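Trainee: Please see the structure below; I have some questions.
Throughout, read-outs are computed from the coordinates displayed, never taken from laboratory work. Keep in mind that what you see is a predicted model, and the values were worked out from it rather than measured. Using ideal geometry, Cβ is built from the backbone for each residue, glycine included, and neighbour counts are taken over all protein chains shown.
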Amino acid sequence: MARITLDHLAHAYGPAPKGPQDYALKEIDHVWEQGGAYALLGPSGCGKTTLLNIISGLVRPSRGRILFDDRDVTDLPTEARNIAQVFQFPVVYDTMTVRENLAFPLKNRHVPADRTAARAEEIARLLDLTRVLDRKARNLTADMKQKISLGRGLVRSDVAAILFDEPLTVIDPHLKWQLRSTLKEIHRLLDITMIYVTHDQTEALTFADKVVVMHDGAVVQTGTPEELFERPAHTFVGHFIGSPGMNVLPCRVDGATAYLDNEAIKLLRAYPALRQGQRIELGIRPEFVQLQPKGFGFPARVRRIDDIGRARIARVEMAGRAMSASVPDNVSVTGDEAALFFDTRHVHIYADGHLMAGEPVRRPAS
Ligand SMILES: Nc1ncnc2c1ncn2[C@@H]1O[C@H](COP(=O)(O)OP(=O)(O)OP(=O)(O)O)[C@@H](O)[C@H]1O
């Protein structure tokens, strides 16, 4: 078990990188705390696998160091790092029984037979594999085989960390939800650092206590699921997390007022640090923009209303900008003319994609 530190880490696959665009991984400083349940979340090609391979030792970073506790492991091969890995596709021995498969990583390390047997049975119980323990792996479904792979990853209690690379890809959709909660439960019981790579926000948010969001080779935010929802540090996080994602609207900001075209939105903070030439945007999640009948807020035109089960979401246009808003249960809108109410406590201002802190505004008491 270990705390894993990425110290000024960067990686380019090509031999002579000239600028940031040549790096698959731009400089990262990050600490994975011992015992944490982390998700590494981002779209295809953002650098997740590269980072995972650097942690496991399959790729040597072109810059920086990686430490397990205080030990520099940058030049150590995978075998010397004491890491367990679970991949997208099952890695099992078909000719062995499930019990033998689960016991294999321990037997290989000469763990005494009675402890090996007890641990294999414990892991089988956690993953609901007990009834197939004495069946050959070859006769089992892809779901079952992937559960065995998960079990083989989880069986050693002395690993520095377990790395999961999109481990539920082959799992049947209705089983995915169940396995995600099982993994979370197992994390609680085993107290091992787990890093779970995925491009699926639902998987990331249900598994992890902390989510590391990557975009274009860089970590753009590390936070709890609530933090990513409440205060996206980058417009990419706002877009990528949430369904639908955050509205990101080009705007102009003057003091503590944002202007969407001619509509003025009073903000709770002022932004004196914004500079000429920056791309200024207002971010607000659809959950915090309410559709109202015409006359009760900023004028808007309704394009469509979708019922997505837990809520109704309106696609609207306001001041020439397309956006999403939620439709409260008690509101019914006829025709396409309506209004929008912005909950200003949840409005964020971004400059060139990055969240701006702003300064509290002291308004005269009225
Ligand atoms: N062996 C390699 N040689 C050269 N470029 C590579 C290599 N592996 C990855 N890349 C490039 O590095 C970037 C990051 O890729 P990486 O596989 O780490 O992303 P990812 O987020 O894991 O994507 P995916 O979810 O599709 O696996 C991509 O532009 C990719 O083309």
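Trainee: Taking amide H positions as placed in the peptide plane 1.01 Å from N, state which residues far from ALA300 in sequence (5 or more) or on other chains have amide H under 5 Å from it.
Mentor: ALA338, ALA339, LEU340
Trainee: Over what distance in Å are the Cα centres of the range 85-130 and the range 341-362 separated?
Mentor: 51 Å
Trainee: A further question on this structure: Given the chain, what percent of its DSSP beta bridges are antiparallel, to the nearest 5?
Mentor: 75 percent
Trainee: Where the centre of each part is set by its Cα atoms, how far does the range 250-285 sit from the range 1-41, in angstrom?
Mentor: If we compute the Cα centre of each part, the gap is 33 Å.
Trainee: Can I ask one more? Report the relative contact order of the chain, percent, no decimals, based on alpha-carbon pairs under 8 angstrom and at least 6 residues apart.
Mentor: 16 percent
Trainee: Further question: Report the charge-dipole magnitude of the chain in Debye, nearest 20, computed about the Cα centre from +1 at each Lys and Arg Cβ and -1 at each Asp and Glu Cβ.
Mentor: About 220 debye.
Trainee: Moving to a separate point now. Around PRO173, what is the net charge, scoring Lys/Arg as +1 and Asp/Glu as -1 over all other residues with Cβ under 13 Å from its Cβ?
Mentor: Once positives and negatives cancel, what remains is -2.
Trainee: Can you give the alpha-carbon Rg of the range 163-217 over 2.2 N^0.38 Å, where N counts its residues?
Mentor: 1.12
Trainee: Could I ask something else about it? Which three extents, in angstrom, do the Cα atoms of the range 4-236 have along their principal axes, listed largest first?
Mentor: Answer, in whole Å and largest first: 55, 38, 28 Å.
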